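The values are calculated or read from the model by the stated rules, or taken from the named source; none is laboratory data. Worth saying up front: this structure is predicted, and the values here are computed from it rather than measured. Note that each Cβ is placed from the backbone with ideal geometry, even for glycine, and that neighbours are counted across all protein chains shown. Accessible surface areas use protein heavy atoms only, side chains included; no ligands, DNA or RNA. Shrake-Rupley method; radii C 1.70, N 1.55, O 1.52, S 1.80 Å.
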Number of protein chains: 4
Amino acid sequence: MSRARFARNIENYIGMLVLPVGLAGPLRIEGTAARGEYHFPLATTEAALVASYSRGAQLITQAGGCAAALLAEGVTRSPGFAFRSLADAARFAAWAELQTAAFAAAASTTTAHGKLTAVRAAVEGNHVYLDLDFFTDEAAGQNMVTLAADAILQDIAARTPVRYRHAFLEANHSGDKKAAALAFARVRGRRVSAEARISRTLVAERLNTTPERMAEYWRMAAIGGVLAGTIGVQGQFANGLAALYLACGQDVACVAESAVGITRLELTEDGGLYAAVTLPGVMVGTVGGGTGLPSQRACLDILSGNGPLSARALAELCAALALAGELSLIGALCAGDFARAHAQRARRLRLARQEVCRA
Amino acid sequence: MSRARFARNIENYIGMLVLPVGLAGPLRIEGTAARGEYHFPLATTEAALVASYSRGAQLITQAGGCAAALLAEGVTRSPGFAFRSLADAARFAAWAELQTAAFAAAASTTTAHGKLTAVRAAVEGNHVYLDLDFFTDEAAGQNMVTLAADAILQDIAARTPVRYRHAFLEANHSGDKKAAALAFARVRGRRVSAEARISRTLVAERLNTTPERMAEYWRMAAIGGVLAGTIGVQGQFANGLAALYLACGQDVACVAESAVGITRLELTEDGGLYAAVTLPGVMVGTVGGGTGLPSQRACLDILSGNGPLSARALAELCAALALAGELSLIGALCAGDFARAHAQRARRLRLARQEVCRA
Amino acid sequence: MSRARFARNIENYIGMLVLPVGLAGPLRIEGTAARGEYHFPLATTEAALVASYSRGAQLITQAGGCAAALLAEGVTRSPGFAFRSLADAARFAAWAELQTAAFAAAASTTTAHGKLTAVRAAVEGNHVYLDLDFFTDEAAGQNMVTLAADAILQDIAARTPVRYRHAFLEANHSGDKKAAALAFARVRGRRVSAEARISRTLVAERLNTTPERMAEYWRMAAIGGVLAGTIGVQGQFANGLAALYLACGQDVACVAESAVGITRLELTEDGGLYAAVTLPGVMVGTVGGGTGLPSQRACLDILSGNGPLSARALAELCAALALAGELSLIGALCAGDFARAHAQRARRLRLARQEVCRA
Amino acid sequence: MSRARFARNIENYIGMLVLPVGLAGPLRIEGTAARGEYHFPLATTEAALVASYSRGAQLITQAGGCAAALLAEGVTRSPGFAFRSLADAARFAAWAELQTAAFAAAASTTTAHGKLTAVRAAVEGNHVYLDLDFFTDEAAGQNMVTLAADAILQDIAARTPVRYRHAFLEANHSGDKKAAALAFARVRGRRVSAEARISRTLVAERLNTTPERMAEYWRMAAIGGVLAGTIGVQGQFANGLAALYLACGQDVACVAESAVGITRLELTEDGGLYAAVTLPGVMVGTVGGGTGLPSQRACLDILSGNGPLSARALAELCAALALAGELSLIGALCAGDFARAHAQRARRLRLARQEVCRA
């Protein structure tokens, strides 16, 4: 029974893995697609994670909620072509960039939901990287764009005015499953931003620190990221995204590309705190992948809460969650209780474990 | 009962998430720590993933196995200090770099397993980033180094010859939970490399392509990654690592930092294929995190198979798995059956789903 | 007299700096804009530089010349705007991206040669980076786009539907005077590529090595660059570009942004060598800057040789020169005479110096 | 005569290039090596450059001067070795890292001034990058480390316990002549930092803006750099460094690697401005290269002014100059007179040119 249930999601099935799910929230968000108070199911085995995100979520909600905006969307497949010469490569590139309509027609034979939106060619010597951008509707879309790109390759094979020596369906220029600087210039999935303003009083009461200290921390941490050579500068996007992706049947390997972006904190004119996050590569969907599995679907239902959930709203929720995590983490680092939280929790959990063992 | 079982792994527990586990292998490895044939439990909801890694694993095994080596290990916590002036910062940095023994003593009060191995200070204006490197034994070690660094901060507070304005336990210089160029200059967790040689015949029989074409693909894909601004150049490290981390109770958010590295393919003098992968940031442990949960422990037991499994061996297995994934992916892209594999699988799975629905 | 001559190029004039100019070439190029045999005036104080580039140029010429192509052109200024909120920022961004015609009209009041070609807005929380792309004709164009962007800012101030708190003429997103990954996704000045095929015999005769060894070197050096965290992978673009920029009155500080790109070497099917370079950020012009100064103009005349020289042709010549430098450097490293060349030259020059002193 | 004079600096000599030199300053600095008031000779053909740096220098001086510190020094050569297998590579790496004394002895046969200070090996599959760090005394040192590394390669050839297939003197891992993230983790030449505190009054009087606005600009520009994918975040290091390197006989191609670093601005508690720059890769020397040429030596003498100038002091002066440039540029962008300065200057210069023509 289980084997059959999972047949579309895995091969060589040997059994089930069980992970605990915790609930973080409520988190009030006023986005362009997501609006209201949300509870986030987070699947993780790392102690303190749910508590930290929940603290951040409640802080934001108490401050009146966060704003969020979907800024761009699209998924790229980037086939590569090897030619005999630079001249051939340049001619092909010029031709291909004019084929958007024809390529879109070819792509449409493979999907009713996805649409080719742009074609761009990058020439490097006698090589061409052809970036095919797709709108993927409610799907995260990696498989959709793979099949569509394959159809486009067949169209190219039939109609190319320039013969190539080799064609590869993906030449590693799309940023699939990896952090890439290119995401900031383009988009990888959905680009979202979220912001909140927290009053001086709330920062003191809930985080035991001051906006000045958090702004000072931000300056040091932003440069810390730059010195370490990260792509973007942020704290712990990966933690919340991995837990939410897992719980909601998203492809958790995409954390490699999604956990990239910008966190910015500053002091406001009235002595409060301004905080914003921007994520250029949120890869989520409400259909496909693991979204149809029972516990994952249940988590999606918990998250949607107040009604149907679009992929765009889900992307905005990812940004809001990331913002909650940054505020909580930076608050803890500024109050000096980051280690203490871990230590207390560890102690508490040792006791809990003993009880379990005794039970 | 479940709630109690998960008490040390999560807060606000609301239920369990169930993921299917598939088995990839066998994969023969001759490493410095891992030796023998291994079967990899992979937890994922993405169709084709287990099949692809299994194909790569069997190819390697048929070719006589892969070599692997642990090249470095250590986990860094990087507290940050803000001073009044550059002069104060420079004086503090000079002092701190001489305190390795004292800091190690402070750290040792928090852990019996971890050891401080190095102290390095980076000055930026009146800020200092203090990189504290730890040996973390069988643990992945993020919590261990957090508690140890906290003890060192207390020691610094008591003995510093230069007063600072602010101290933060982590100033975002360690690369924790994010891809960072710094990983190549240092190490993040464990640095491992693996290599295999595949004969021309095997490439033809198992991958339906040629070593020449795979070497050509590598050149294009390596530059594709460079043009996209990735850290390192590789194909799909994230897929295998996420699935293995999940199955084996590792912190899956670490995929953000672990899925970075180098894949290199070249033609050998006898017309075969040489392939190598190098991962500078494998964050794994055999204790702590989710490793004590029942299904995760069972997966670790399946993986260890032939006996006890050390964290070092686990890291080498990650490299071997990554190598298997790269060979299978690149093989599919070169044979032109990457999309076909996805399409066939999708079709097959639609049939399977219909059967499930009918059942 | 000199003071007056330099009045438009410098302030607080105190005297003249004298640099030697050497000639490298001939270099045969078949580009889209540059065609024929060229001699490159290179100003440098680094021994061996001119000799190395000249050797590479002659090798290419002997092999029948290199192809070159101008792939894109444009210079960006990126003003930044700070708003009260993300919502305001997003509204402004949406408005601004529709103002290309109006902004172009505003820009046209400042320049008869430059043209605004595209407007793109990037939102990060309540900040907006507005990328204004210009065609700059025969100029390198940094000043042209500064004045044009200033006019656009005034137009924005008069017509913006959303009030901003701050506006800055350049918010560090354009890549001006620095290496930036963004250059590969866009263009910075002119994007050019050049390639050559060198026969096995020529490699042996002129470089004392083999195509196999050079291809092997390339694989190691490409990954060496990736491991070091460079933007692009190449060897010594900076050497030739700095010497040519200097000689020809270009802004030599632009070497920071121009010395970025890709070098690729591979073995051809007939056992020869294929080599290509791609530079996304060549910042050159035939008017403005130092191009009107006497010795710089003389160098431009030497370079143009066979007739008038356009900025596009100059950019292609930069790529051809870079290719010559890479072939010579890699050849020397493969033949094992890289250090020897330096040592011999040093010895020879010590002798020369003694003669000078005696004279 | 000229030909002979330049014999050790160039080949295929055809004539002299003349560049104007302007003077920026005075700039007061309290460094670890440079102390006093300095006047900077800057060679450039870009109008406004000297004026801008001079304005920044005078601002710093009026504010009491800047502090500066040399934080690290060393130049790396990174030979590469290709082995048959990963096992061979790992064995060689382990051996090589223990040969510091022997390698230093080999190196000492080539130079009386340079010293090998560290040896580090990076293994990637069957390849090894061997980073050889040298102290280069008063020289910038690229040639010195090349000859020394060549001697070490000969020592390795004689004594290696593991046979390699290929050895290359430089495998592109040293960051020579290119911007590289690695510079922050290591050093490239000399790492220096400089800082200044400017009172609110001075900011208003000299820059026509406020510390708040400059701090706001910094936040936007720092993130602008991150979004553009620069290495480090700064504004115009390249302009001042190129002009100073040129004037003082340094290798101006090194601007590619030197114009990387961090600029940080913040509001101080008393409402003033704190500004700091950090440059990890200043490649300068007081001997060798073009330092012996007449006009370059004269410029070095002008710069040293108050006495002999060491390479360390020269490096600190580079940081101080960079700081001056950042303050002036950011001040102009905040006061809204960045474009105006260029326009006025252009107008003034057009007049000047007419006078020249009439003369």
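Which ones in region A:282-337 are assigned to a helix (DSSP H, G or I), open to solvent by 10 Å² or more (accessible area, probe 1.4 Å), touching a residue at least 60 places away in the same chain (Cβ under 8 Å) and more than 10 Å from chain B (Cβ to nearest Cβ)?
Within region A:282-337, A:R312, A:A335 qualify.
Collect the residues in region D:292-320 that are under 22 Å from D:G65 (Cβ atoms) and among the aliphatic types (A, V, I, L, M), keeping them in residue-number order.
Of everything in region D:292-320, those that are under 22 Å from D:G65 (Cβ atoms) and among the aliphatic types (A, V, I, L, M) turn out to be D:L300, D:I302, D:L303, D:L309, D:A311, D:A313, D:L314, D:A315, D:L317, D:A319, D:A320.
Out of the residues in region B:110-135 that are of a type in the set (V, I, T) and open to solvent by less than 30 Å² (accessible area, probe 1.4 Å), state the one that is farthest from D:L267 (Cα to Cα).
By that ranking, first place goes to B:T111.
Return yes or no: is B:E205 without any contact (Cβ under 8 Å) to a residue 24 or more places away in the chain, more than 10 Å from chain A (Cβ to nearest Cβ) and either closer than 28 Å to B:E73 by Cβ or assigned to a helix (DSSP H, G or I) (or both)?
yes
For the structure I just gave you, tell me whether A:G225 is at the interface with another protein chain (Cβ under 7 Å from one of its Cβ atoms) and either open to solvent by 10 Å² or more (accessible area, probe 1.4 Å) or in contact with a Lys or Arg (Cβ under 7 Å, 6 or more places away or on another chain) (or both).
It is false that A:G225 is at the interface with another protein chain (Cβ under 7 Å from one of its Cβ atoms) and either open to solvent by 10 Å² or more (accessible area, probe 1.4 Å) or in contact with a Lys or Arg (Cβ under 7 Å, 6 or more places away or on another chain) (or both).
C:K178 is checked against (1) outside any loop (DSSP other than H, G, I, E, B); (2) over 20 Å from C:C334 (Cβ atoms) and fails just one. What number does that condition carry?
(1)
Filter region B:135-155 down to residues that are closer than 26 Å to A:R219 by Cα and either modelled with pLDDT of 95 or more or within 14 Å of chain D (Cβ to nearest Cβ) (or both), then give me how many there are.
Total satisfying the criteria: 11.
Got a number for residues in region A:156-175 being more than 10 Å from chain B (Cβ to nearest Cβ) and either open to solvent by less than 30 Å² (accessible area, probe 1.4 Å) or on the phi > 0 side of the Ramachandran plot (or both)?
2
So for region D:192-200 (the condition being more than 10 Å from every other protein chain (Cβ to nearest Cβ) and free of Cβ contacts under 8 Å to residues at least 12 places away in the same chain), does at least one residue qualify?
There is no residue in region D:192-200 that is more than 10 Å from every other protein chain (Cβ to nearest Cβ) and free of Cβ contacts under 8 Å to residues at least 12 places away in the same chain.
Do we have B:A107 as open to solvent by less than 40 Å² (accessible area, probe 1.4 Å) and touching a Gly at 6+ places or on another chain (Cβ under 8 Å) here?
yes
Can you name every residue in region C:176-188 that is more than 17 Å from D:E257 (Cβ to Cβ) and at the interface with chain D (Cβ under 7 Å from one of its Cβ atoms)?
Hit for region C:176-188 is C:L182, nothing else.
Which residue is nearest to C:V287 (Cα to Cα), if the candidates are limited to region D:42-68 and must be away from chain C (no Cβ under 11 Å) and among the β-branched types (V, I, T)?
Checking each candidate, the answer is D:I60.
If you scan region C:27-41, which residues turn out to be under 23 Å from C:I330 (Cβ atoms), away from chain D (no Cβ under 11 Å) and open to solvent by less than 20 Å² (accessible area, probe 1.4 Å)?
Selection gives C:L27, C:I29, C:G31, C:Y38.
Against the conditions (1) in contact with a Gly (Cβ under 6 Å, 6 or more places away or on another chain); (2) open to solvent by 10 Å² or more (accessible area, probe 1.4 Å), where does B:E269 fall short? Just the number, please.
(1)
Those residues that are among the small types (G, A, S), outside any helix (DSSP H, G or I) and in contact (Cβ under 8 Å) with a residue 60 or more places away in the chain, I need them from region D:215-262; list them, please.
Hits for region D:215-262 are D:G235, D:A259, D:G261.
Confirm whether C:A90 is open to solvent by less than 60 Å² (accessible area, probe 1.4 Å) and in contact with a helix residue (DSSP H, G or I) (Cβ under 9 Å, 6 or more places away or on another chain).
Taking the combined requirement at face value, the residue does not satisfy it.
Looking at region B:199-207, can you tell me whether even one residue there is open to solvent by less than 10 Å² (accessible area, probe 1.4 Å) and under 30 Å from A:F168 (Cβ atoms)?
Yes, because at least one residue in region B:199-207 is open to solvent by less than 10 Å² (accessible area, probe 1.4 Å) and under 30 Å from A:F168 (Cβ atoms).
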